[in-house]
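Taken together, the values in this text are just the output of simple stated rules run on the coordinates, not laboratory data. Note that the structure is a prediction, hence the values are computed from the model and not measured. Counting neighbours? That spans all protein chains shown, and the Cβs are built from the backbone with ideal geometry, glycine included.
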Amino acid sequence: MHNSWWRNLDIQVVLWVSFLSILGYGAQRAILPWHMSSLGMDPALAGVFLSFFGPPRALMNIVGGYLTDTFRRKVNFLLGVALYGVVGYVVLAFSLNSAAIAASRVLIGLGLAWGTTAAMAILSDYSTPEIRGTVFGVQKGFYWVGIALSGYMAVVAYNRWGFMPTMLLSAGLGCLSLVLIGQLMSSCTPPETGELRLERRNRGWMETFKALARDPRYTALSFGGLLAKIVEDGLVIVLLPMFFAGSVVAAGLSVTAFTVAFAVFQPFGGALSDGWGRKRVITRGMVLTIIGAALLINEPGTVLIVISSFVMGVGVAVLSPAAEAMAGDLAAERVRATAIGYWRFQRDMGSFWGPLILPVITLSIGKDMVLFILIVLLLTSGVACARWLPGKAD
C-alpha cells in the first residue's frame, strides 16, 4: 500500500471527484459577485447573502462527520457531492434574486462540508499514518488546482454563454462525479464492518464531541487551523486588498500569489509530514506564516506585499494537510470521520471570524497592531502544537 496507494480505484475516484465537482464552486467564486452586480443588487446586501456560505459549511463538518461514521462512507460522499455539485449549482443557475442566491450558497456550503468530510474519511481508511499526509496533500492539490483553473474558465464561459449555462455545465460535471462514485467506488471501505458501524451507533455523538473538545491535542490542532483560515480569508483576502495594496493590480497579485502557493505546496506539505512528522511540519508552517505576516509591518511596497502573501501561502499550505492528517491519526477508527469533521469545523470558523472582525479591529487600532496581535496568536499556537502534539516517534 505504501508505494501503490495511487492505484487504488476508490482513492482515484475521490481525487477526480474532488477536481471535477469543485470546478463549479471555483466558477461561482469568480463570477457570482459580478453577476449579482449585473442584476442590480445592492452591494452591501449582496455581501451579506454571499456570507451565508460560511456558517452552514462549518457546522456541517460536525454533522457530516457523525453521519459518515454512522452510515456508509460512500453514501455520505455521494449525497454530499449531489447537494453541492448538482442541486446547489442548479439552484444558483436559476437564481434571480438575493434570497435565492443565499439559499444556493447554503446548499453549496452544506454539501461541500459533508462531501469533503466523507472524502477525507475514505482516504484516511485507505491510508496508514506513514502515507496519510501524502494522500491528503494530493487530494488538496486536485481540489485547489480545480478552483484555480475554474476561475479562468468560468470568466471565459460567462462572457461567451452567460451565467446560467456556466453553472448548468458545472452541474453536469457534478452529475459525472456522481456516476464515478456510484459505478466505480466500493460499497464500503476495509474498516467498515458491521460490528464497527454498530459500535459507532452505540456511542453518542455528544459523548464523542465532548471527548474531542477536552483533548488538548485537538485543541492545539483546532487553534492552529482556525488561525490559518483567519490568515487566508481575513488577512490575505480582505485586509491586503483593503488596507495594504495601493492599487487593484497589487491587490490581485497578492491574492494570486497566496492562491498559487497554497495550491502548489499542499501536496509537498502532506508528503513532508509523512517523512519528518506532522508536528514538525505544522510548527514550521506556523513559522513561515509568521514571517510572511511580519513582512507586512511598516507600509511595505507592492513587491514585498506579494512576497509576504506567497510566504504565508506556503506556510498555510504545508501545515494544512499535516494538521488534517493528524486529526485522522489521533482518532480511533470508529470516530475518525467525526474527529476530522470536528477539526474542519474549528478551522472553517476562521473563514467566518477573519473577514468579520479583522477589518473592524483594523479600523479601530490600525493594521500594524492587528498584525502584531495575529503574530502573537500564531506564536502561541505554535508553542501549543509543540507542547501537546505527539512527535513522529510517538
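Pull out the extension gain between Leu176 and Thr380, defined as 0.36 nm times the separation in residues minus the alpha carbon to alpha carbon distance; nm, one decimal.
69.0 nm
Which whole-number percent gives the relative contact order of segment 282-379, counting Cα pairs below 8 Å spaced six or more residues apart?
Details: 78 pairs, mean separation 33.6, N = 98.
Worked out over segment 282-379, it gives 34 percent.
Pop out the ³J(HN,Hα) list for segment 173-187 in order, Karplus 6.51 cos²θ - 1.76 cosθ + 1.60 with θ = phi - 60°, rounded to Hz; leave Gly and Pro as x.
Those phi angles translate into 5, x, 5, 4, 4, 5, 5, 4, 5, x, 8, 10, 7, 5, 5 Hz.
Which FRET efficiency, nearest 0.05, do Leu168 and Ala99 yield, Cβ-Cβ r, R0 22 Å?
Step by step, r from the Cβ atoms, then E = 0.60.
So what is the orientation-averaged projected area of segment 1-202, using the convex hull of its C-alpha atoms, in nm²?
11.4 nm²
Please report how far the C-alpha centroid of segment 63-79 lies from that of segment 218-266, rounded to the nearest whole angstrom.
31 Å
Restricting to DSSP H runs of at least four residues, report the calculated mean residue ellipticity at 222 nm for the chain, -39500 (n - 2.57) per run over all residues, nearest 500 deg cm²/dmol.
About -27500 deg cm²/dmol.
Work from the charge dipole of segment 19-122 (Cβ charges, +1 for Lys and Arg, -1 for Asp and Glu, about the Cα centre) and give the residue of Phe77, Gly26, Ser38 farthest towards its positive end.
Going by the charge dipole, the pick is Phe77.
Which one, Met242, Leu377, Ser150, is farthest towards the positive end of the dipole of the chain when Lys and Arg carry +1 and Asp and Glu -1 on their Cβ?
Farthest towards the positive pole: Leu377.
Can you give the convex hull volume of the alpha carbon atoms of segment 204-388 per residue, in Å³?
Roughly 105 Å³ of hull volume per residue.
Based on Cβ point charges of +1 for Lys and Arg and -1 for Asp and Glu, what charge dipole magnitude is obtained for segment 1-202 about its Cα centre, in debye rounded to the nearest 20?
Roughly 120 debye for segment 1-202.
Compute the FRET efficiency between Leu9 and Glu130 as 1/(1 + (r/R0)^6), taking r as their Cβ-Cβ distance and R0 = 30 Å, and round to the nearest 0.05.
0.90
In nanometres, what is the gap between the two model label sites at Ile361 and Ile291, each 7 Å from Cα along Cα-to-Cβ?
Reported label-point gap for Ile361 and Ile291 is 2.4 nm.
Note the full-extension length gain between Ser37 and Leu149 as 0.36 nm times their separation in residues minus their Cα-Cα distance, in nm to one decimal.
Full extension from Ser37 to Leu149 adds 38.0 nm.
Over all directions, what mean area does the Cα convex hull of segment 291-390 project, stated in square nanometres? Display every interim value, and only then the final one.
Values: hull surface 28.6 nm².
Quarter of the Cα hull surface area: 7.1 nm².
Over all directions, what mean area does the Cα convex hull of the chain project, stated in square nanometres?
Its Cα hull, projected and averaged over all orientations, spans 18.3 nm².
Glu207 versus Val238, label points 7 Å from Cα toward the beta carbon: distance in nm?
My value for the distance between the label points is 3.9 nm.
Evaluate the distance, in nm, between pseudo-label points positioned 7 Å from the Cα of Arg214 and of Arg387 along their respective Cα→Cβ axes.
Here the answer is 2.0 nm between the modelled labels.
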